[in-house]
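Read the structure below first, then the notes.
The values are calculated or read from the model by the stated rules, or taken from the named source; none is laboratory data. Note that the structure is predicted; figures quoted are calculated from it, not measured. Glycine also receives a Cβ, built like all others from the backbone with ideal geometry; neighbour counts cover every protein chain displayed.
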Amino acid sequence: MPTAYLLCYPSAALSVISTAADTLSIANTLASMQAGRRGRAAPFQWHIAASEPRRWQALADVLRCDCVTLAELARADKNAMVVIAPPIFDHIAGLEHGLSLLDRERAAIASAAAKGALLVAPFTAVALLVNLGLPAQRRLAVPWVFGTWMRQVEPARRLQADQAVVKSGNVFSSRALDHVHALLQQAVARTAGKALARTLGNTLLDQPARGEALDIWIKVGDAPRESVVLRARRYLQQHLAEPYDLGRLAAVASTSERTLLRHFMKSVGMSPLKFLHRLRAERACHLLEVTTLSLTAIAEQCGYQDISAFRKLVRHHTGLPPGAHRRAHSVRAELRSG
């Protein structure tokens, strides 16, 4: 089970620590949904690591973890990752002063790195790795706020200014804060496998093509019509794997079949049956992207016993057969370049 150490210290941007814990928690949830993992332990556990653990207990309670000492962090090995919170500073002199107060933290990072632990350094956290004694071949991302300083302090280090996320051995870094999710996705790929990382990316990162392919837009109608339509839509969403029954749907919506069809077409722009097909296509795409379930299992969850009809549904709504859609939308560009 990979262990993540979330390194905290007084001048750190703690939002990154919270983001890391949330991301790992989501990864655990997604892993539990994958075929063959039911009943198995979650892939990740995490701890806050700090020089004064008691000081960070309140944060640990929020993140549902415990606090450990820097000595435990220093013992981290190749089965662990160390997520370093970026320091907050107002000028280079302030950065240098802050680093001078973090000798113990940096020593623990160096010890873990030497044992093979994965270092994850988003944005200004890269500063804690400068002059740390990392192998000469390790490359670092270059945050624009102190790129010149990095070159002056460690001129022999290869700096990768042209890449947003840099993976170099057991050191992963990013040049900006908005790349933290992509950076963490790469870390999940390294420590828990690319399959889970692809699922995580499809869940957390923007997927414009998904919305464009399904194109489900709901118009606003008047209150009486909307209440009928909302009841029908809610029923379809909750029972999309069941056979379509217009009479049952009208009864649930407390109206006649004819009235339901008229209101539904006016509010939604399509018939209830076509809307159900869209819902089934949306669920199918979601399951194709974030699970490893077979096509037969996904078809059954979407209300299809006939696999050929299921294939036709997915192709009609996405332009691709199920297998091709899974391959196209479960692989992130970040992983392709890794």
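Brief remarks on what is shown
- Within the stretch 225-252, the set of residues being in contact with a helix residue (DSSP H, G or I) (Cβ under 7 Å, 6 or more places away or on another chain), exposed (fewer than 14 other Cβ atoms within 10 Å of the Cβ) and acidic (D, E) is empty.
- Each residue in the stretch 282-327 was checked for being outside any loop (DSSP other than H, G, I, E, B), of a type in the set (V, I, T) and within 24 Å of the chain's Cα centre (by Cα), and 3 pass.
- Selection status of A42, touching a strand residue (DSSP E or B) at 6+ places or on another chain (Cβ under 6 Å) and in contact (Cβ under 8 Å) with a residue 24 or more places away in the chain: no
- For the residues D103, D66, D77, the requirement of being touching a Gly at 6+ places or on another chain (Cβ under 6 Å) and either charged (D, E, K, R) or not assigned by TED's automatic domain parsing to the domain that holds L183 (or both) singles out D77.
- Some residue of the stretch 249-266 being of a type outside the set (A, V, I, L, M), more than 30 Å from M33 (Cβ to Cβ), in contact with a Phe, Trp or Tyr (Cβ under 8 Å, 6 or more places away or on another chain) and modelled with pLDDT of 90 or more: yes
- Yes/no for R315 being charged (D, E, K, R), surrounded by 14 or more Cβ atoms within 10 Å (Cβ to Cβ), free of Cβ contacts under 8 Å to residues at least 12 places away in the same chain and outside the structural domain of Q185 (by TED's automatic domain parsing): yes
- Matching option when the condition is of a type in the set (S, T, N, Q) and surrounded by fewer than 17 Cβ atoms within 10 Å (Cβ to Cβ), among S267, S271: S271
- Test: T255 is β-branched (V, I, T) and surrounded by fewer than 19 Cβ atoms within 10 Å (Cβ to Cβ): no
- Residues in the stretch 164-180 that are part of a loop (DSSP other than H, G, I, E, B) and either small (G, A, S) or more than 19 Å from F146 (Cβ to Cβ) (or both): A164, G169, N170, A176.
- Selection from the stretch 136-174 of residues that are closer than 19 Å to I88 by Cβ and touching a helix residue (DSSP H, G or I) at 6+ places or on another chain (Cβ under 7 Å): A141, V142, P143, V145, F146, W149, S173, S174
- Residue within the stretch 27-46 that is surrounded by 15 or more Cβ atoms within 10 Å (Cβ to Cβ), β-branched (V, I, T) and in a helix (DSSP H, G or I) present: no
- Checked against the criterion of being of a type in the set (F, W, Y), out of contact with any Asp or Glu (no Cβ under 6 Å at 6 or more places or on another chain) and outside any helix (DSSP H, G or I), the stretch 146-162 contains not a single residue that satisfies it.
- So A71, is it in a helix (DSSP H, G or I) and of a type in the set (G, A, S): yes
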